[in-house]
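Here's the structure, in structure tokens; my notes come after.
What follows draws every value from the coordinates through simple rules; no lab data is involved. Being a predicted model, the structure only gives us computed values, none of them experimental. Heads up, the Cβs are rebuilt from the backbone with ideal geometry, glycines too, and the neighbour counts pull from every protein chain shown.
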Amino acid sequence: MLQGHKQHTAIRTMASLLVTVVVLALATSAIVLSMEDSFQKQAPPASKKLTDAQMAKMNSDQLAHYIFQNHGCKDCHTLGSGGKLGFTEQGKQIGKGFEGCISLLTSMNVIAQTKESVRTSDDKHQVARFHRFGCSECHQITPGKLGLTAYGAKLKSLHLACTEVERILSSRAK
């Protein structure tokens, strides 16, 4: 009788632990999904997007400044100095725990090769950051690879990587 009671208690304890684990997993999933929703970046209005003809008339400095002013960069960054951008209060909050641009783009190159339906919650979080941090203004996920938007292609044609755009923006702030 005592043996049966111990087994019953052990089964109830295990069931209780299992329920707790499931509840925690569901709560974590809900939090991650909520964070992803809050990280989603709205596309700029069509009126703020440049046409190819407008971009063709711009030099690298003008294009870098246009993107900074019109595509959400100034929400999180200030024009810094010494080749680096500064951060607004919002940028400091959003950027907590950020792994860095190079690491994020490296991750995105791998994630871009993974079907959306099988991406992990970490992958989805990285994709959300990619959009929220404005990377998608110049870089785009295409099936199986990471490509460039029209802005990214124009900047590439001017031989400007992300770090060079940052240098241009921060040097004009002097």
Tell me, what is the FRET efficiency for His125 and Lys156 to the nearest 0.05, using R0 = 30 angstrom and their Cβ-Cβ distance as r? 0.65
The answer for His77, listing residues at least 5 apart or on another chain whose modeled amide H is closer than 5 Å to its amide H, is Thr88
Sorted by chain and then number, the residues having a modelled amide H within less than 5 Å of the amide H of Leu148, at least 5 places away or on another chain, are Gln140
Using 0.36 nm per residue of separation minus the Cα-Cα distance, give me the extension gain between Gln90 and Lys74 in nm, one decimal. 4.8 nm
Please identify the trypsin sites (Lys or Arg not before Pro) of the stretch 117-170 that satisfy two criteria: DSSP loop assignment and at most 14 other Cβ atoms within 10 Å. Which are they? Arg119
Run the numbers for Ser117 and Tyr66: contour at 0.36 nm per residue of separation, minus the present Cα-Cα distance, in nm. 14.8 nm
FRET efficiency estimate (nearest 0.05) - Cβ-Cβ, Thr142 to Glu164, R0 22 angstrom: 0.40
Can you work out ³J(HN,Hα) from phi for every residue in the stretch 80-96, in order, using Karplus 6.51 cos²θ - 1.76 cosθ + 1.60 and θ = phi - 60°, giving whole Hz and x for Gly and Pro? x, 8, x, x, 10, 8, x, 10, 7, 4, 4, x, 5, 5, 5, x, 4
Ratio Rg/Rh, restricted to the stretch 44-172 and using Cα atoms, in which Rh is the Kirkwood radius: 0.96
